[in-house]
Structures are given as C-alpha cells and as structure tokens.
Amino acid sequence: MKKYDLVVVGSGAGFIVLDAALERGLSCALIEKDQFGGTCLNRGCIPSKMLVYPADLIREAERAPKLGVDLGKPKVDWQRLGERMFEKINMNKYIREEYLDTPNLDVYEGTAAFVDEHTMQVALKDGTVSPPFMAQRFVLAGGARSRQPQIEGLSAINPVTYETFFGPRFPKKPWKSLTIIGGGIIATEFAHIFSAMGTQVTIIGRAPQLLRGEDPEVSEFLADQYRAFGIRLLLAHTAVKAQMAGSKKRVTAQCAQTGRQVDVDSEEVLVASGVVSNADLLNLRAAKVDIDENNWIKTNEYLETNQPHIYALGDINGRYAFRHKANHEAEVLAHNLYANAGHHRVDYSKVPWAVFSFPQVARVGLTEQQAVEAGHKVFVGRNYYSQVASGYAMGYNEGDADDGFVKVIVDEHGTLLGVHIVGFQAAALVQPYVYLMNAASLPRAQDGHMHVDVGTYEPVTRSMTIHPALSELTAWAFDHIDWLNPIN
Ligand SMILES: Cc1cc2nc3c(=O)[nH]c(=O)nc-3n(C[C@H](O)[C@H](O)[C@H](O)COP(=O)(O)OP(=O)(O)OC[C@H]3O[C@@H](n4cnc5c(N)ncnc54)[C@H](O)[C@@H]3O)c2cc1C
Ligand SMILES: NC(=O)c1ccc[n+]([C@@H]2O[C@H](COP(=O)([O-])OP(=O)(O)OC[C@H]3O[C@@H](n4cnc5c(N)ncnc54)[C@H](OP(=O)(O)O)[C@@H]3O)[C@@H](O)[C@H]2O)c1
C-alpha cells in the first residue's frame, strides 16, 4: 500500500500546509471533490467582493450630489460584472493543472473517507474507488457547506444558495425582487449587492438584530442604513413555510414576539442560514477522531485533533468561518510541522473580521457586553467620521444617519479589549488595532526570553489580516523584501 508523508483533504487553505511539505521534498497527496481553490475562490470571498465593489460604487455615486458632483444614475452592465467574476472563478482550472504537474504530489479528484486511523480511500469522480493509501500525517481542511433550514416546502421552491448562485443559478440580470432567509453576514452582503442593483430586497432574520453577535450599536446603525436604502428587514422573524404563489416564490415569516405571520413574495429566494460541517463526508468514526455536537472536528490551538497524526483547520474545526483565519491556522500548522523552529499557537481571542456591507462593518476582540461579562473594568471611546477632516470632506456631517463611527473598548490600563467600526473602509481601518493587540501577546522565543517586537514588522506578519481588505496590500509587502540584496 502506498504511504505518503502528508495527505491534505481540501484545496482551500489546506494548500499552505501542502506547499510547505512539497518544498521540503516530501511525498504528498491532495484530495479535492470539487473545483480547486475551495470556497473562497469559487463561491465565497472573492466572487462576492467582485459584486460588492460595483455595488459600493453605485451607493457612492448616489451620495456624490451631496458633495456637488452629479455622476448621473449609474447604469449596470450585469453581463460584464458576471464575466469578470467568472473569469476569476475559472482560475480554479489553472490551480488544478499546476497541482497535476507538481512532482511528489498525487492528486485524487473525489471524496476522501477514512478506512481506519491510518488509511484513507477516495470515491473518485469517475465512479470508481481509489486503492487505499496511508500517511504519516493527515490534514483535514474540508470546509463547510450551506445549511438547509427545516422549512416546510422550501425544496419545492428551489431556492438559491451561495453554491448555486456562483454557478448555474447566477441570474441573467438582477432579480426584480429577492427574499433572503437569514440575517447574518451573507444576507447582509447580498442585500447590499442586489439592493444597489435595483432589486427589492427583504431579509428574514431569526435573530432580533442584523448580524447577531455584533455590537448592538453597530447592528442598529447598519439596519437603519439598510432601511433607508429600501431594504425590508423582518428581524426576529423565522422563515417557517415556503410555496409558489403564481410565478412568485412565497416565504412565510413568523414573528418571534407576536407569532404573527407575514407572507413575502419575490422573484427569487436566497437561503443564507449558516453553514454545516463537511466532517460527515470523512467517515471520522473509522479514524476515531472526535467531533463536537454540531459535527465540527475538535482541535486545540495547535490544530491537533485527539489523534496525534491527524490535524484539522479552517471552517471544518468550527472556530470562525473566515478565510484569513483558515490561512493563519494553516501557516501555524505548516510552521509547527516543518519549520523545525518551535511551536506556534493560534490565538483565537484576536480573530478580526469584516462584513462587506454598505457601509462596511469590522471588528476585533470583545463587544462592550462581553468585556463587562468577562469581568473587566470597561472604558469606551467613540469617534465619528464627521469629527475628522477626512470624514467631513467625504460629506459625513454630525447627526447624519450615515455618520459612521469607531468604538474602542479598553480596560483601566489602556489594554485594548475590542474595537468596532461601521463606516467607509471599516475593514482596512480596524487592521492596525489587530496588529497592536497581537504585538502585546505574540508567542515568545523558545529560549524563554522575552522577544521584543516593538518597531519590527513582526506583529503584522504574525496577525490575521482581514480578507479581502486592502490591508492585505500593506501587510503582504513584507513578504516581498529582498533580504539577499541590500540596496547599499
Ligand atoms: C458567500 C461567501 C462569502 C464569503 N466571504 C468571505 C470574506 O469576505 N472573507 C472571509 O474571510 N471569509 C469569507 N467567507 C468564508 C470563507 O470562504 C471560508 O471561511 C473559507 O473559504 C474556508 O476555507 P477552508 O479551507 O476551511 O475550506 P474551503 O475553502 O471550503 O475548502 C474545503 C475544500 O475541501 C473540499 N472537500 C470537503 N470534503 C472533502 C472530502 N471528504 N474529500 C475531498 N474534498 C473535500 C471541498 O470541496 C472544498 O473545496 C465567505 C463564505 C461565503 C460562502
Ligand atoms: N465577510 C466575510 O468574512 C464573510 C462573508 C460571507 C460569509 N462568511 C462566512 O460564511 C458563514 C456563513 O454565513 P451566513 O450568513 O450563512 O451565516 P451566519 O452569519 O451564521 O447567519 C445565519 C443567520 O441565519 C439565521 N437563520 C437560520 N435559520 C433561519 C430561518 N429559518 N429563518 C430566519 N433566519 C434563520 C440564523 O439565525 P440564528 O442566529 O438564530 O441561528 C443566523 O442569524 C459565516 O459563518 C461567515 O463567517 C464570511
């Protein structure tokens, strides 16, 4: 039986560990059941942001007359938008070809499952099954898929999911009306995209606030903005029933407080109700790998499972579903397995993220309430866009409904506990705080001495940089330093 040094399941963030092993000349296998590049490239971060930015431009053009510039009513070339997006998605073919041509690497196209703790097999796409193979180490980076909520009649109306939207169900033109089931990140971003394109959008969100878990001030600010754009928000409403009503798709939403039911008819329905783990595909019982009650693979901060030779990273471990988090975990694991330079750990208390809504929302650390509950003495500062010259120049005036803000949460020593931003370029603006928070707590050198990184760029490269924010431009510049050629 063939035995590899490393087997990686999933071609999303898992590629980082794979590349590190290949660079060291190790024998590897990569297993992918779908398009290469994972969710981010094919149906997630990248294509969605290629639609978000044009939507941003439309909203900015609408604001421009306030500043004395009339850009006219934006005309959308939806076909061009779609072409640009699918050109990018189609990069998955080059990724596949590159892997197929890589020495020391066997690529299996199909679904991997364990036979026992050390042996795996692949149900190949051509309908056959691969011979079983073994590995010294397995990295499980199989991600997640959209959750289909239990709603009576839902499958009969054939709703769109993010998987089908960035594929066969991409519409020929923006829908006239769209109902989104879910009030989380995908719902918020898709509502922005389609509302800016002229679609009548309704969000049915089970939680009482948009973006459950965000600071309520931020969520309320965004909800007010969305209402001003004409987006209908049915919050604290659960989608309970779906059916066709003539040519329209009807979703019935039930109010959590009153029990009253509301019918919402629209041309299309998008299900954005969270994700479920792909761990069920891996036959983990055979490998005796522990999962939690929601099927996420249990890992520690070194990405180790209960089996010493099996690791899990990215969405499949259920700890924050963000690509920069998955990448960071993969970098930490690659370092720990192959750098021979001590062990790094992932600090999950400093995972930043951004929602590419209009305006953007970004965050790192605790909310005010979480900080109080954690027993800190809490101090809060707020600054509004209208209070700085740049914001004023952009037309944000004190008291205006669109005057976003930065909210910083610190303790009595000035230790940063959390930062929340809602407004223009929030995703990029939050990033320096992420570096600061990490500078204070980077893992120390192996010899036990304090390792001072103040004034070096280390906090930048060792932090998670929000994907896909412009901060990647500044953070990744350090990857391009030519250490072999000083300029003097
Ligand atoms: C619409 C949308 C927008 C998003 N936008 C952002 C964003 O702006 N910023 C951000 O940080 N995050 C965003 N995310 C989340 C982000 O895409 C994910 O967190 C990230 O891609 C997860 O990476 P991963 O490597 O863990 O898994 P994936 O990228 O999902 O890769 C897992 C791969 O494993 C394969 N696989 C699974 N099981 C098996 C098996 N048994 N055998 C073989 N192959 C298998 C799958 O086919 C898949 O290709 C978005 C997600 C969605 C859906
Ligand atoms: N910018 C980014 O980084 C980005 C962008 C897109 C996606 N993502 C990732 O992709 C993942 C999936 O996104 P998501 O928006 O689908 O998940 P999400 O953020 O978890 O939100 C899903 C929402 O749907 C609600 N819901 C579930 N069933 C419902 C029903 N029957 N009726 C009404 N509402 C219902 C949930 O309510 P409850 O709260 O009550 O469960 C939850 O609020 C996220 O975890 C996110 O990390 C990231």
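Descriptive notes on the structure:
- Its Cα gyration tensor gives region 238-353 an equivalent ellipsoid. The semi-axes, each the square root of 5 times an eigenvalue, are 41, 16, 13 Å from largest down.
- Pair residue 257, residue 88: separation of 7 Å Cα→Cβ label points (nm): 3.9 nm
- Here the Debye sum runs over all C-alpha atoms of the chain as equal scatterers in vacuum, and log10 of I(q)/I(0) at q = 0.06, 0.09, 0.13 Å⁻¹ comes out as -0.30, -0.69, -1.39.
- Accessible area per residue for region 19-58 is 34 Å², calculated with a 1.4 Å probe on protein heavy atoms, without ligands, DNA or RNA.
- Whole-number percent relative contact order across the chain, with pairs defined as alpha carbons under 8 Å at least 6 apart: 14 percent
- Cβ-based net charge around residue 71, under 10 Å, with every Lys or Arg adding one and every Asp or Glu removing one: -1
- For residue 136, residues with placed amide H under 5 Å, excluding near neighbours: 4, 5, 6
- Of the beta bridges in region 115-232, as assigned by DSSP with both residues counted there, near 40 percent are antiparallel.
- Length gained when the stretch residue 387-residue 482 is fully extended (0.36 nm per residue, less Cα-Cα span): 30.1 nm
- Entry note, the chain: the mean residue ellipticity at 222 nm calculated from DSSP H runs of n ≥ 4, each adding -39500 (n - 2.57), is -8000 deg cm²/dmol after division by the residues and rounding to the nearest 500.
- The label-point distance for residue 377 and residue 75, in a model that sets each label 7 Å from Cα toward Cβ, rounds to 6.3 nm.
- Dipole size of the chain about its Cα centre, with +1 on Lys/Arg Cβ and -1 on Asp/Glu Cβ: approximately 1380 debye, rounded to the nearest 20.
- DSSP finds beta bridges in the chain, and of those with both partners inside it, around 60 percent are antiparallel.
- Working from Cα pairs under 8 Å separated by at least six residues, relative contact order for region 195-342 is 12 percent.
- Carbon + sulfur, % of accessible area of the chain - ligands and nucleic acids excluded, 1.4 Å: 53 percent
- Rounded to the nearest whole Hz, the Karplus-based 3J(HN,Hα) values (6.51 cos²θ - 1.76 cosθ + 1.60, θ = phi - 60°) of region 281-288 follow the sequence 7, 9, 6, 5, 4, 5, 8, 6, with x at glycine and proline.
- FRET E, pair residue 413, residue 136, Förster distance 51 Å, beta-carbon r, rounded to 0.05: 0.65
- Net charge of Cβ neighbours under 14 Å - reference residue 6; Lys, Arg +1; Asp, Glu -1: 0
- Mean Cβ neighbour count within 10 Å, used as a protection proxy, ranking 189-199, 240-250 highest first: 189-199, 240-250
- In this Cβ point-charge picture (+1 for Lys and Arg, -1 for Asp and Glu), region 1-68 has a dipole of about 120 debye about its Cα centre.
- Kirkwood hydrodynamic radius of region 347-488, Cα pairs, Å: 16.8 Å
- Reach of residue 241 by Cα under 17 Å, taken over lysines that are not fewer than 8 positions away in the same chain: 249
- Under the combined filter of DSSP loop state and at most 15 neighbouring Cβ atoms within 10 Å, region 70-178 retains these trypsin sites (Lys or Arg not before Pro): 75, 125, 147, 169, 172, 176.
- A cut-off of 5 Å between modelled amide H atoms, ignoring neighbours fewer than 5 places along the same chain, links residue 425 with 360.
- Think of the chain as having a plus end and a minus end, set by charges on the Cβ of Lys, Arg, Asp and Glu; of 366, 253, 389, 253 sits farthest toward the positive end of this dipole.
- Per-residue extension of 0.36 nm, minus the Cα-Cα distance of residue 200 and residue 164, leaves a gain of 10.9 nm for this segment.
- Within-15-Å neighbourhood charge of residue 178 [Cβ basis; K, R +1; D, E -1]: +4
- Span-like helix ranges in the chain, DSSP H, alpha carbon extent 24 angstrom or more, Kyte mean at least -0.5: 45-63
- The residues of region 175-256 have, on average, 37 Å² of accessible surface per residue, using a 1.4 Å probe with all protein chains present.
The values are calculated or read from the model by the stated rules, or taken from the named source; none is laboratory data. The structure displayed is predicted, hence computed values, not measured ones. Heads up, the Cβs are rebuilt from the backbone with ideal geometry, glycines too, and the neighbour counts pull from every protein chain shown. For accessibility, only protein heavy atoms count, side chains too; no ligands or nucleic acids. Shrake-Rupley method; radii C 1.70, N 1.55, O 1.52, S 1.80 Å.
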